[in-house]
Each structure stands twice: as structure tokens, then as C-alpha cells.
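Colleague: This is the structure I have questions about; it appears just below.
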Amino acid sequence: MGLVRISRRRVNAALAALGMAAAAPEPAGRALAEGPGPRGPDAGLPDCLPDCLSDPGGTRALGERYLAAFPEEAAALAPLAAEVRRAGAGGPAALRRAVGGRIRADFAAGQTVVLDGWVMARTEGRIAALAARGAA
Amino acid sequence: MIGEFSEVEDGALLDADLCIVGSGAAGITLARTFIGTSVQVLLVAGSFAGRDYIPLDVVRLRFFGGTTNHWGGWCTTLTPIDFARRDWVPHSGWPIGPEALEPHYPETQDILQLGAFGYDGETWRRRGMHTPYPLDPQAVDWHFWQISAPTRFGQRYRAALNAADNVRVLLHANVTGLRTDPAGAAVNHIDLASLDGRRARVRARAYVLAAGGLENPRLLLLSTDADRRGLGNRHDTVGRFFGEHMHARPAQLLTGDPIAVAEAMQTFHYRGHEIITGLCPSAALQRRLRILNNSMTLIIRGNEDSVFFHAWQIARGIREGRIPDRFGDRLLRLATDFDTLAGGAYRRFLLDAPWPEGEQRIADFGFFIRCEQAPNPDSRVFLGEERDALGLPRPVLDWRLTEFDKRSVREFCIALGNAFGAVGGGRVRLAEWLLDDSDDWGDSFGGSHHVGTTRMSADPRDGVVDADCRVHGMDNLYIAGSSVYPTGGFAHPTYTIVALSLRLAYHLKERLDAA
């Protein structure tokens, strides 16, 4: 693990929106993964993504840290961006539900990483990384 | 009858059917089981005389009542997997299963002054006392502790032992050696000495060492009549496999659901007895991750500034049929801040709004873990060069932990993070010391739980005593206490010490034809 520390306050703020979404029922996550819609890295991020983040700055910092710690995760961003864009077509609430379901599914399947001590779902890290990339 | 060794004639030979060395939970449990029988018992109670550790003459108390004079009272059973041979845990596996101890649990509950038996989640859910937080049952099990008075064996059972015609307790008598026949197959007598030079011998039909995980191996190692390696040490197993329960703060929980988590993991009371709630890795998870067993409780730090926290604590006490702790203080707090309480309750219950900002009841959550240590032959007690007041070699402890021990804690914390995250219950953060495989354990400490130094085994090459707690290759020498545990699980040892001692007592009753 690196020396860069992600504070409890920052994680708390950055994950707050996603954390609320994480209470969504699992089928929403499946809808995100399996639903119809255009795919591809060039599709761009949905405009509503920033609206889902209560602390966009904190989320971007988390995303940068995530990509620095797990650079191989960059390859997973394009497919996720397409799924996010598709789910985001239904607005911020639909996107939150979809992302939340996917996060819960990640935890249930053990698809998690430890970043500066935090046990976080890969989807959480990737969403944060998308936010960071979008900002860049 | 309880008497002083100073009352015994110097050089005397004392006869008994059963000689018990040590007067802690094991020794007194054994002795009291023989009260009123035809067996003459002599209980010998002593006197005071690698890894940083508590001084060895402090961590175990060598006087009547033994270490129960300063134990914390935490009681629980080992879990079934603790007895099993686990192919991912070298040297694991007891030669007996949990069914060998279960018949003795009711009596153990009584001896330790506990309430109704129950240490698993299903029991407490059925009793209506526990609503589990919905964590994946494939990953975690709910586990419980009951808190003993704590029973101070020396005080609690002094009168009964003193009144017993067939039990003699000798205070301030120290064992200086076990004398055997030339083949080392049987103990002929033991030597006693006081700190002021008085000496005596005890001759018995059977002997039990019940002096703790440090003193039991020491007494075997310094008894070299038949073998310079010591008694029961033909295969160099005496003193090895020393294990502890590392106590640590490995992680924190950040949750948006604090009350439900707290309700599921908080201490409660049942019929006047305190019950502690915890989590442990399921057997399936241990098998899948190839980790050791351990247990996690939650340190819940209430928000003392919140009137709602105090109201909650009062409500919990009333619900459990007890006077809430700090009842007066809490009532005063409610009275002086009643308007806040009323306003918050109105918002919460009539408007279905959250509690007011700054008035949340929980300040934070921290996990606290008790870790099983992998059996390790290099972690050991041996005789040192330094001598004690009786001229005997002092024991030296070389306690060693391994990467496996630490990895097991880390993997379980990650599994807990997964379990909480899967139900939207929050996020777990591992402590910094846990993130690597170094020997750094942060501010962790041992629980003064000593296991393994005279371990039980089916094969004499793997341990010191057999399934009956008799020293391999010897006819009349037995060992009681946690030093016989082949593995220690996460359970505080006293409960199983008492159950195992009862099992040994009934074995000896049969052997000695107790009527």
C-alpha cells in the first residue's frame, strides 16, 4: 500500500451517495449490467453522474488514488462507462440504484480491493476513477 | 481441610490417592468433584516466588485460586471446527471432539456461576434476545460469551474444600520435582518445599499437574530422574506449541445504519447475566480462505453529548429487565435536555425524519478481535539459566507468531468488509499495521491465555498427553488445563478448562474406584 492516505472524512463524503445507492435491491445492479443500450468507450459519461456524487472533488481524488494503486483497472473503465451512460439515461435516481446494486453484487462476490485500508467494491473504485477521468 | 505447609513436619511423607498440583480453575474443579467420595485428595497450592511479554511470575498467579484471582470472567465454548483436523492448519486436530465435552457443560455453567447455556446465534435468536444484522451466514457466524461473576475459585470454593474430610489443601507448598521409577513409566512421589526450607514428599496413586501453561511444562522438564530430557518429552514436545490469543484492534466500521448494527452487536442482559455478542468466520469461510479461527466484537462508543444516546441506554436497560447503568446520570441528562429530546422524537417518529444533526447516538465503531494462533513448534517454553527462590530453573518463553496468524486476521476483516458492503451496511477500514505481513501487530497484546505446551495427541510423537490427559508412556501422571489444548480457537480458555477438568475427574473417579 502507498503512503498517500485517504481520510475517513473524505471516504465518508465520497461514498455517501454511492453508499445510499448500495441499499438498492440487487436486480437494479443486474439491470445495469445486462440492460439494453449503446456500448463503447466513446459514448462518454452521462451528464447526471456528477449529480450522483455528494462530494465530486473527494470522489475524483479517490479515483486518482485508485488508478494509481491499481493501474490495470483502467482497462475496465470503458465498458463501465457504457453501462453507466445507459443506466444514467433514466436520471440520477436510476443511476444510483443501478450502481448501488452493482456495488452490492461486487461485495457479495468478493470483487473488492483494499485501498489504504478501506475494503471497497471494484465498482466503487471504477466509478470514482471515471469521475476522475471525466474531470481530466 | 485447608492447612499451611508450615504445619507439616519437615521431611514428612504424605499419602493420598490423588495428588493435584495447582489450585486454579482446573485444580479446584478436580478437587471439588471428589468431595464426599472415598478418594483421599491432596491439593498442593504454591506460593509466590522471543516476544515482549508479561513477566511470567505475574501472568500466572501461584497461590490458592490460581489465575482465577485476576481473570475477567469471559466464558464461551470452543466451536466444532476447533477440534477438527484442518488440512490448511499444520498440527491441528484434537483426538477428541466437542461431544466429549458437551455432557460436562451444564456442570461447567454452575461452577462458573453462569446463566442458561447458550453460545450460538440460533439459541439467542430463539430466546428473543438477538436480532442478527443480515450478514451473509455463509461467511460469518454469530457467537456469544457469558460473563462469569467472575468466579474467584479460591474464595468461592474455599469453604467446601475446607469442610471436606477427604480433601486436604496444602497452602504455600511448592513442587520441586516429580520422582519416577527408573523407566520413567510412573511417578513414585513428588517433592515439596517451602520458601523457608521445609521439605516433604507426597505419595499418591495418581497425580495431576494443574499448574498452568507455563508451570506444567516446567515441572515436566525439570523432572529428569529417568530421562535428562524430562518427563513425557521423548519426542521433544514438552513446552513447544505455546499459543496465545492475540487481542487486537484490526479495523473500524463506517456505517450509515448505526442503530441496527449496534442493536445486533451490543452487550445485553438475560436473567441477570451479561451476554456479549460477536462474530466469527464460518467454518466454510475458514476452509475457503484457509485461515485460522478468530472472533470479533464491536467497540461501540456512544455519543455522550447526545441526549438520545442516554435515552437509548435507559430504554435498553428497561427492555432487558435491569436497572440501566449510570441510571441517575442519564436521567439527569434527559431532564436537563428534555426539549431537545422531545423535539427530536417529534421529528423522528411523527415526521419520519432523521435524528437532528449532532444528536446521533453512536460516535464510532471499532472492531476488537481475539485471534487463534497456529500451532507452532518453535513457539515454546523452556528452562533458562536463571534460578528461582527454590533453586529451580526459571521458565523462559520464546513466543512466536507467524505470517499465517496475521494473514488470518486480515482476510477475516476483508470478509467482514465484504459482508457489510453486500447488505449496504457500511465500509470496513483495516488498521495500518494489518496491511502487510511484517511482525508488527500495532498495539495488540496477548490475553494471558496459555495453550499447547503439553498438548493432547493420539500419537505420542505429536504431543504430551493422550485423549484422557494422561502423559504418553506414563501410568499415573495426568495434566489438566489449557496446556493440553492442541489448538486454542478464539475462546477464552477457562470454560473449556473447567469442562475438561470435569471430564478428567470422572475418568479418575473410575480409575480410583471412587465410592
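Colleague: So how far apart, in nm, are the two label points at B:Ala353 and B:Ala160 if each is 7 Å from Cα heading toward Cβ?
Modeller: Using points 7 Å along Cα→Cβ, the separation is 6.0 nm.
Colleague: Continuing with this model, one more query. Can you tell me the equivalent ellipsoid semi-axes for the protein assembly as shown? Use √(5λ) from the Cα gyration tensor, largest first, whole Å.
Modeller: 56, 28, 20
Colleague: From other protein chains only, count the Cβ atoms within 10 Å of every residue's Cβ in B:403-414, then give the mean.
Modeller: Going residue by residue through B:403-414 and averaging, the value is 1.
Colleague: Given the C-alpha centroids of the range A:67-136 and the range B:341-403, what is the distance between them in whole angstrom?
Modeller: Result: 34 Å between the Cα centres.
Colleague: Also: Going by a ≥ b ≥ c, the root eigenvalues of the Cα gyration tensor, does the range B:291-377 fall in the rounded group (a/c under 1.5), the prolate group (a/b larger than b/c) or the oblate group?
Modeller: Since a/c reaches 1.5 and a/b is larger than b/c, the shape of the range B:291-377 is classed as prolate.
Colleague: Count, for each residue of A:120-132, the Cβ atoms from other chains sitting within 10 Å of its Cβ, then give me the mean as a whole number.
Modeller: Average per residue, whole number: 1.
Colleague: Can you compute the FRET efficiency between B:Leu195 and B:Asp120 using 1/(1 + (r/R0)^6), with r the Cβ-Cβ distance and R0 = 56 Å? Round to the nearest 0.05.
Modeller: Efficiency, from the Cβ-Cβ distance: 0.75.
Colleague: Another one. So for the range B:378-485, Kirkwood radius off the Cα pairs, Stokes-Einstein at 20 °C and 1.002 mPa s: how many µm² s⁻¹?
Modeller: D = 122 µm²/s.
Colleague: Go through the range B:498-509 residue by residue and turn each phi into a ³J(HN,Hα) via Karplus (6.51, -1.76, 1.60, θ = phi - 60°); whole Hz please, and just put x for glycine and proline.
Modeller: Per residue, the Karplus-derived 3J(HN,Hα) values read 5, 4, 5, 5, 5, 4, 5, 4, 5, 4, 6, 4 Hz.
Colleague: At 0.36 nm per residue, and after removing the present C-alpha to C-alpha distance, how many nm does the segment from B:Phe327 to B:Ala345 gain when stretched out fully?
Modeller: Fully extending the segment from B:Phe327 to B:Ala345 adds 4.4 nm.
Colleague: With each pseudo-label sitting 7 Å past Cα toward Cβ, what's the B:Asp388-B:Asn188 distance in nm, one decimal?
Modeller: Label at B:Asp388, label at B:Asn188, 2.4 nm between them.
Colleague: Right, here's the next one. Calculate the mean, over all residues of peptide A:105-112, of how many other protein chain Cβ atoms lie within 10 angstrom of the residue's Cβ.
Modeller: Shielding by partners across A:105-112 averages 5.
Colleague: Distance in nm between label sites at B:Leu334 and B:Glu263, each 7 Å beyond Cα in the beta-carbon direction?
Modeller: For the pair B:Leu334/B:Glu263, the computed spacing is 1.8 nm.
Colleague: Moving to a separate point now. Would you kindly derive the ³J(HN,Hα) couplings of the range A:89-102 from the backbone phi angles with the Karplus curve 6.51 cos²θ - 1.76 cosθ + 1.60 (θ = phi - 60°), listing them in order in whole Hz, with x for Gly and Pro?
Modeller: Result, ordered by residue: 4, x, x, x, 5, 5, 5, 4, 4, 5, 5, x, x, 5 Hz.
Colleague: Given H placed on each backbone N at 1.01 Å, which residues far from B:His189 in sequence or on other chains put an amide H within less than 5 Å of it?
Modeller: B:Arg179
Colleague: Further question: Using helices alone, I'd like the mean residue ellipticity at 222 nm for the protein assembly as shown: each DSSP H run of four-plus residues gives -39500 (n - 2.57), total over residue count, nearest 500.
Modeller: So the helix-based figure for the protein assembly as shown works out to -10000 deg cm²/dmol.
Colleague: Next question, about the same structure. What Kirkwood radius, in Å to one decimal, follows from the Cα pairs of the range B:115-204?
Modeller: Hydrodynamic radius (Kirkwood, Cα pairs) of the range B:115-204 is 18.6 Å.
Colleague: Under 5 Å between amide H atoms, partner at least 5 residues away or on a different chain: which partners does B:Gly302 have, H built in plane at 1.01 Å?
Modeller: Here B:Ala363 satisfy the definition.
Colleague: Work out how far the C-alpha atoms of chain B reach from end to end along every principal axis, then list the three figures in whole Å, largest first.
Modeller: If we take the Cα atoms of chain B, the spans are 84, 47, 40 Å.
Colleague: Taking 0.36 nm per residue of separation and subtracting the Cα-Cα distance, what length does fully extending B:Arg287 through B:His273 add?
Modeller: 1.7 nm
Colleague: Show me B:347-354, B:259-266, B:231-238 ranked by packing, highest mean number of other Cβ atoms within 10 Å first.
Modeller: For the peptides B:347-354, B:259-266, B:231-238, the packing ranking is B:231-238, B:259-266, B:347-354.
Colleague: Write down the percent of antiparallel bridges among all DSSP beta bridges whose residues are both part of chain B, to the nearest 5.
Modeller: Approximately 70 percent, going by the DSSP bridge assignments.
Colleague: OK, next. If Lys and Arg each add +1 and Asp and Glu each add -1, what is the summed charge of the other residues whose beta carbon sits under 14 Å from the beta carbon of B:Ile276?
Modeller: In short, -2.
Colleague: Compare the peptides B:35-42, B:483-490, B:332-339, A:61-68 by average per-residue count of other Cβ atoms within 10 angstrom and give them in order, highest first.
Modeller: Top of the packing list down: B:483-490, A:61-68, B:35-42, B:332-339.
Colleague: Non-local amide H neighbours of B:Ala251 (under 5 Å, H modeled in plane, Pro and chain starts lacking H): which ones?
Modeller: So B:Ala251 has HN proximity to B:Phe367, B:Ala431.
Colleague: GluC sites (Glu not before Pro), restricted to the range B:267-350: which are DSSP loop and have at most 10 other Cβ atoms within 10 Å?
Modeller: Counting only loop positions with at most 10 other Cβ atoms within 10 Å, the GluC sites (Glu not before Pro) in the range B:267-350 are B:Glu304.
Colleague: Also: Go through the range B:451-456 residue by residue and turn each phi into a ³J(HN,Hα) via Karplus (6.51, -1.76, 1.60, θ = phi - 60°); whole Hz please, and just put x for glycine and proline.
Modeller: 10, x, 6, 9, 5, 7
Colleague: In whole Å, how far is the Cα centre of the range B:454-510 from that of the range B:267-326?
Modeller: 33 Å
Colleague: When a/c reaches 1.5 or more, the comparison of a/b and b/c decides; with that in mind, is the range B:77-145 rounded, prolate or oblate per its Cα gyration tensor?
Modeller: Oblate.
Read-outs throughout are calculated quantities, based only on the coordinates presented, and are distinct from any laboratory measurement. Source: prediction; values computed, not measured. Positions of Cβ are backbone-derived with ideal geometry, glycine not excepted, and every protein chain shown enters the neighbour counts.
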